[in-house]
1. Which value, in debye to the nearest 20, gives the size of the charge dipole of the chain about its Cα centre, when Lys and Arg are +1 and Asp and Glu are -1 at the Cβ?
2. What FRET efficiency do you get for V281 and D237 if R0 is 35 Å and r is their Cβ-Cβ distance, rounded to the nearest 0.05?
3. Of all DSSP beta bridges located in the chain, what percent are antiparallel, nearest 5?
4. I need the calculated FRET efficiency for the pair N273 and R323, taking r as the beta carbon distance and R₀ as 35 Å, to the nearest 0.05.
5. For the stretch 49-119, treating each Cα as an identical point scatterer without solvent, what Debye log10 I(q)/I(0) comes out at q = 0.13, 0.19 1/Å?
6. At R0 = 25 Å, how high is the FRET efficiency between M1 and T96 if r is their beta carbon distance? Nearest 0.05 is fine.
7. Working only with C-alpha atoms, what are the Rg and Dmax values of the stretch 2-320, expressed in angstrom?
8. Below 8 Å between Cα atoms, with a sequence gap of 6+, how large is the relative contact order for the chain in percent?
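The values are calculated or read from the model by the stated rules, or taken from the named source; none is laboratory data. Just so we're clear, the structure is a prediction, and the values are computed from it rather than from any experiment. No Cβ is skipped: glycine too gets one built from the backbone with ideal geometry, and neighbour counts run over all protein chains shown. The area values use the complete protein model at the heavy-atom level, side chains included, leaving out ligands, DNA and RNA. Shrake-Rupley method; radii C 1.70, N 1.55, O 1.52, S 1.80 Å.
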Amino acid sequence: MKMVMDMDTGIDDAIAIVLAAGSPEVELLAITSVAGNAPVDVCTRNCLLLNELLGGDAVVAAGSDRPLVKSLLTAQEVHGADGLGGHAGSLPAPATNAIDEPAFELLTRLPMEHPGEVTLVTTGPLTNVALALRADPDAVAAYARIIIMGGAFDAPGNTGTVAEFNIYVDPEAAALVLGSGLDITLVPLDATTGAVLTRSALTAHERARGLPLERPGRDVSAILHRAIDHYMDFQFDESGLDGGYMHDPLAVAAALVPGILETHDMRVDVVGNGSDRGRTVRAPVQAHAADQGRGVHVAFGHNDGAFIQLLEGRVLRPVFGPR
Ligand code: BDR
Ligand code: CA
């Protein structure tokens, strides 16, 4: 499966890259960055660093530094100033560079080079995808599948009370993409808050490794360990959860394991402004009468046994288990 990932590379995005890179059936063609969890330069740096430390040969392209209309809101309290746990500038500099082409152009070029063959997984605000759609809707329609982590329906929001972060940051982009009529699978908080990596599952794998935590250098295990530790500490302080939500890895899992999500098809509207900014809502049927029967495949649950098995086999054991 050819895959392109578009992301605001914070901590769960990083785990999503590891999962894709560790999946033998995936050929990761490209990773594109977008401003979200951190400013776009930070996200691009993290994409480059992870791609090279994992031995990947995906091209990396830098994306939009701001949402279509709104000012950028980051989530550096969740992901750290550097997007990977924030350890006072101790991340190594990448040895590779982003290509010259802007992300939205790459996002239109690749599906035209491999029509019907590329799966696009997005785990950040939808700014780049919206720009790609504006530039060349036929190209975006040439993706085999588009899987988007974002939204909150019946689940409480994580940005304000009703919105999910990726949609809240760029609701205009989300409205454009989710209203495009393309074949989209949406993986909202309703599903992802049930996908938790517990601290005990993580430490069970880590015990044997003896990680050089203070100065991790170019050791992907140590970098990820510190990042995930920060992520879990934040979530514990905030909600008492002794673990971390695997929002973005679940979107990758949806590409890998047919049927892992429990989905309902519906049209989705996005609230752009006001106290409900970023809320995703089931659209009234009459608002989209011409499209009845089509819609976004929205996940309200998933097969957690299959997900954890994937995470154990392709992330935890290879990255954190005994060498
Ligand atoms: C989403 O927001 C980001 O902080 C995470 O990386 C994930 O993509 C969850 O709401
Ligand atoms: Ca993300």
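1. Values: 21 positive and 41 negative charges, 66 e Å.
Result for the chain is approximately 320 debye, rounded to the nearest 20.
2. Working: r = 31 Å, r/R0 = 0.87.
Computed FRET efficiency for V281 and D237: 0.70.
3. Values: 13 of 37 bridges.
The antiparallel proportion sits near 35 percent.
4. Working: r = 52 Å, r/R0 = 1.47.
Using R0 = 35 Å, I get an efficiency of 0.10.
5. Each listed q corresponds, in turn, to -0.58, -1.07.
6. On the way: r = 24 Å, r/R0 = 0.94.
For R0 = 25 Å, the calculated efficiency reads 0.60.
7. Using the Cα atoms of the stretch 2-320, the pair Rg, Dmax is 18.1, 59 Å.
8. Numbers: 725 pairs, mean separation 64.7, N = 323.
Relative contact order of the chain: 20 percent.
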